[in-house]
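Heads up: the structure comes next, in structure tokens.
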Amino acid sequence: MLSPASNIQFQNPLYGQLIIGPPGSGKTTYCQHVYNFYKDLGRNVCVVNLDPANENMNYTPTIDVMKLITVEDVMNNLNLGPNGSLMYCMEYLEENFDWFLSELKKSSCNYFLFDCPGQVELYTHHKSMTNIFSKLERLGYHLCVVNLIDSHYCSEPGKFVSTLLMALNTMLQMGLPHVNVLSKADLFKKNESKLNFNLDFYTDVLDLKYLLEALDTSPTMQKYAKLNAAIVGMVEDYSLVSFQPLDVKSNESLLRLKNLIDKANGYVYKAGEEKSINTLMACAVGAESESYRSSQDIDPYL
């Protein structure tokens, strides 16, 4: 239930990205680069830190959950471990939703980048994050989940299968528009010759029977053949999981991802004022990319 103070509907459309993903997938780096990129586009954007253990931010958050609660305080006062403390923090934030909402209302921004914790269970089993953002959605926020997955998970078929299952579980649990991203895609390109398949296979999640064949060649995975087939079959049946590669140092890559996210959270219908800037930027990064590719072999998806 939303409190009476939470029933206020915002007059101007508000938009946001929930940046999630396992630890080390590049969430904080993504927030830093995307914040600067969107600022250059003229968006009224700000970053919200929702990770109560995030002490190494390379940006200045407009709203910081660590002003409300921190993992360190919970560990010291309740004698919980790191994972239990993080879950407690998210439950505490859910209980104090009015504080969170009032902080958002104080901001003059209309586009928010929510830098979320990296514990996977918060998005696959635990309900607090789902409940918090469901409340925001009902209050008029147009939200989209941006799920960052480190490209190194493509290095082994078994890791990629677990990635597919985790992404599908998260999509069903969160119940929001969802964009899955292979982060650090520049490293993917450098190591593509060592992988079982090319980039298209991993981004488009193509015929996964070839992935099963690769799994069956691994002695340690052969005993899980039926389980792997069942998981792959479920992913294919839902037909929801695909990935967009991202190199945060490339404006062209950021522009491609921005366009996908704008369609997912509905910002594409508001972005008329950005159209001329986007056109100029697209021309600029296109010219830059053509010049760069003339001297190096760079995948057009990046």
task: Mind giving me the nanometre distance, one decimal, between the label points for LEU240 and GLU55, set 7 Å out from Cα along Cα→Cβ?
output: 3.6 nm
Cβ-based charge dipole, the chain, positive-most Cα from LEU78, PHE114, PHE97: PHE97
- request: Starting with the highest mean, order 125-131, 166-172 by the number of other Cβ atoms within 10 Å, averaged over the residues of each peptide.
  value: 166-172, 125-131
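Sort the following peptides by mean Cβ neighbour count (other Cβ atoms within 10 Å, averaged over residues), highest first: 90-97, 145-152, 102-109, 17-24. Kindly include the intermediate steps, with their values, before the conclusion.
Working: 90-97: 16.5, 145-152: 24.1, 102-109: 13.6, 17-24: 21.0.
Going from most to least packed, we get 145-152, 17-24, 90-97, 102-109.
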task: For the range 158-172 and the range 50-113, write down the distance between their C-alpha centroids in whole Å.
output: 26 Å
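Counting only Cα atoms, I'd like the Rg/Rh figure for the range 156-234, Kirkwood definition for Rh.
Numbers: Rg = 13.4 Å, Rh = 13.7 Å.
My calculation of the ratio gives 0.98.
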- request: Within the range 52-79, find all residues whose amide N lies under 15 Å from a label point positioned 7 Å from the Cα of LYS106 along Cα-to-beta-carbon.
  value: 61-69
statement: About its Cα centre, the range 10-290 carries a charge dipole, from +1 on Lys and Arg Cβ atoms and -1 on Asp and Glu Cβ atoms, whose size in debye to the nearest 20 is 260 debye
statement: With the charge dipole of the chain built from beta-carbon charges (+1 for Lys and Arg, -1 for Asp and Glu) about the Cα centre, the Cα from SER239, MET166, ASN12 projecting farthest to the positive end belongs to ASN12
- prompt: Amide H to amide H under 5 Å from VAL205: which residues, 5+ apart in sequence or cross-chain, H placed 1.01 Å off N in plane?
  reply: PHE243
- prompt: Which far-off residues, 5 or more places away or on another chain, put their amide H under 5 Å from the one on TYR111, with H placed in the peptide plane?
  reply: TYR15, CYS46
In sequence order, calculated HN-Hα J values of the range 190-201 (Karplus, 6.51, -1.76, 1.60; Hz; x Gly/Pro): 5, 10, 4, 5, 8, 8, 5, 9, 7, 4, 4, 4
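How big is the antiparallel share of DSSP beta bridges in the chain, given as a percent to the nearest 5? Working shown, then result.
Working: 0 of 27 bridges.
Of those bridges, close to 0 percent are antiparallel.
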- line: For ASP40 and TYR210, extending 7 Å from Cα along the Cα-Cβ vector and measuring point to point gives, in nm, a value of 3.5 nm
task: Using the structure shown, list the pairs from LYS135/LYS270; LYS127/LYS209; LYS106/LYS184 with a Cα-Cα distance above 27 Å, or answer none.
output: LYS127/LYS209; LYS106/LYS184
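Since every read-out is calculated from the coordinates, none of them should be taken as a lab result. Bear in mind that the values here come from a model prediction, so they are computed numbers and not experimental data. No Cβ is skipped: glycine too gets one built from the backbone with ideal geometry, and neighbour counts run over all protein chains shown.
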